[in-house]
Amino acid sequence: MKEATVQNHVEDDLGWLRSRRFLTLALFFTVSAWFFVPRFIQTLQAAKTRNMLGESNLVITPLTDLSQRALFYATILVCLWVIAFRWTASPASRGTALVLSLAPGAYMLIQGEYVGVGVDNAAFAVPLTIIALWVLRPRIQDLAILGYLVGVVCMVSVILGFVLPDHAILRSSYTNNAIVSDKEILPWGLLVGIFTDSNNFGQFIATGLPSVLLIRRRRTRWFVLAVSLFALVWTASRGSMEAVVVSAALTAVVARCHQKRKAAVATTGCILLFVFGAILPFLVHEPTAFTNRGVIWMQSIDAWQSAPLFGLGANWFTVIGSSTASLGPNVFHAHNQFLQLLVTGGIIYAVLVGMMLVAACVCAGRLAGHGSLSPTGFLAALAGVCVFEVSLVIVDNRLLFPVVVLPLATILFTRDLDTPLATTATAGTSPMPVRAQYRTSLEPKR
């Protein structure tokens with residue numbers, strides 16, 4: 001009787017593991033398709049040009065709009081399916097992490113209602129995805145799916161850069177010629193691929209590379225890594241390249257630490273990188289510093305001081321950019337994540353996001369102590385791209401949805417935090433299967 005009961009538990013657990021694996025793959029795949037397919041279609045059907053803020057000749061094609069809507073609703077349905085199907089088996093742990101990850105978005109939605117700033121329907125995909133991932137609690141190794149997405153995006157973008165340069169190389173809306181920039185590294189212009197800006201593409205690559213390194217097949221992993229790095233150089237996104245170097249450096253330092261110090265070094269290193277990015281704009285007093293970001297930072301600080309506690313709303317940079325008080329023709333945001341938080345949501349918003357990031361850094365430290373270094377690399381890269389760009393995806397930026405929301409939520413909720421067995425999974429080998437564990441427990445002791 002006792003063995004039959006245990007066997008039933010084995011079958012239940014195996015069934016749940018299979019369904020959880022399937023639902024995780026379905027969610028990651030749907031989010032990736034929602035991100036990639038509409039951008040790919042739009043890229044094939046329209047040239048890429050740089051426009052001034054407040055001006056745009058970009059026309060969303062009907063097929064792009066249809067795919068965008070269809071895949072958005074598919075993503076919502078998959079999230080609701082996961083939540084409804086497995087809500088009764090939702091984890092009893094990681095509740096604090098769930099609250100911390102949902103709080104920033106909830107605050108901005110409430111603040112938006114108060115200041116009269118509406119949000120589009122896509123803003124609701126973030127909390128639903130976070131809740132679905134909390135229910136599923138995927139392993140860090142599952143993020144390898146995103147590594148394949150990064151490879152596909154980079155490979156397609158590079159091919160388009162050679163075959164259809166008008167659609168993948170940034171061009172001027174006035175002259176229709178490829179934009180020549182002082183920061184250009186390769187003599188073929190600035191690669192934007194399926195994006196509309198080379199810096200956005202660079203951010204995508206920098207935050208996605210840690211997932212690339214989780215791809216199990218060695219040849220595939222190195223091929224995707226090589227293509228991604230080539231695309232990154234072609235974008236000439238210096239901030240993103242610096243973020244990759246910082247991520248690799250911190251990961252290497254943690255890898256060489258004594259096992260007992262890995263957690264502390266990884267956690268401290270990630271937190272310090274985010275702190276550095278937060279305080280840097282306040283130390284700059286030269287308008288031309290960091291390729292004229294100094295003046296943007298100084299004016300953003302002045303704007304934040306007019307509403308320090310609650311901020312000016314998620315659309316403030318769009319509104320100000322359409323007026324005579326514009327910060328510059330190409331200034332779509334604060335060019336620093338911390339300033340973006342302060343200006344749009346005030347101190348409250350910045351504190352809520354900071355608490356979430358600190359929790360993620362602590363989780364990354366624990367995972368590093370178990371032998372998983374990918375979370376450390378991801379958070380270091382995220383901190384790096386947040387210094388000069390806006391990279392967090394909450395309510396006002398969805399360009400990096402798959403390579404930011406999915407890894408960040410996975411780090412906060414992963415089952416790998418529960419058991420040291422996760423170390424072997426993320427290191428490239430598989431832990432003992434559940435069936436084997438139960439079979440061993442049923443065998444008589446000798």
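The values are calculated or read from the model by the stated rules, or taken from the named source; none is laboratory data. A quick note: this is a predicted structure, and the numbers were derived from the prediction, not measured. Positions of Cβ are generated from backbone atoms using ideal geometry, with glycine treated the same way; all protein chains shown enter the neighbour counts. The area values use the complete protein model at the heavy-atom level, side chains included, leaving out ligands, DNA and RNA. Shrake-Rupley method; radii C 1.70, N 1.55, O 1.52, S 1.80 Å.
Protein chains only, probe 1.4 Å: how do V233, V385 rank by accessible area, largest first? Please list the in-between numbers first.
Numbers: V233 50, V385 5 Å².
The residues order as V233, V385, largest area first.
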For this session: Using a 1.4 Å probe over the heavy atoms of the protein chains, calculate the carbon and sulfur portion of the accessible area of region 97-241 as a whole percent.
Result: 63
Exercise. So how much accessible area does I131 have, in Å² to the nearest 10, using a 1.4 Å probe?
Worked result: 40
Exercise. If you roll a 1.4 Å probe over the heavy atoms of the protein chains, what accessible area per residue do you get for region 246-386, in Å²?
Worked result: 42
For this session: Just subtract the alpha-carbon distance of I347 and A252 from 0.36 nm times their residue separation and send over the number in nm, one decimal.
Result: 30.8 nm
Exercise. What is the distance in Å between the Cα centres of region 333-407 and region 133-148?
Worked result: 17
Problem set entry | Solvent-accessible area, 1.4 Å probe, carbon plus sulfur percent, for region 246-299 | 69
For this session: May I have the pair-distance distribution P(r) for region 211-360, computed from all Cα-Cα distances with 10 Å bins from 0 and rounded to whole percent?
Result: 10, 29, 31, 22, 8, 1
Exercise. Zone of Q45 (label point 7 Å along Cα→Cβ, backbone N under 18 Å): which residues in region 190-224?
Worked result: 194-196
Exercise. What is the extension gain from E184 to L25, computed as 0.36 nm multiplied by their sequence separation minus the C-alpha to C-alpha distance, in nm to one decimal?
Worked result: 53.5 nm
Seminar exercise, completed: Surrounding charge for I83, neighbours by C-beta under 14 angstrom, Lys/Arg +1, Asp/Glu -1, total +3
Problem set entry | Nearest-10 value in Å² for the accessible area of K183, using the 1.4 Å probe | 40
For this session: Calculate, for region 68-163, the solvent-accessible area per residue in square angstrom, rolling a 1.4 angstrom probe over the heavy atoms of the protein chains.
Result: 44
Seminar exercise, completed: A student asked for the Cα radius of gyration and Dmax of region 88-131 in angstrom ought to give 12.6, 39
For this session: Note down the nm distance, to one decimal, between modelled labels 7 Å out along Cα→Cβ at D65 and at A122.
Result: 1.5
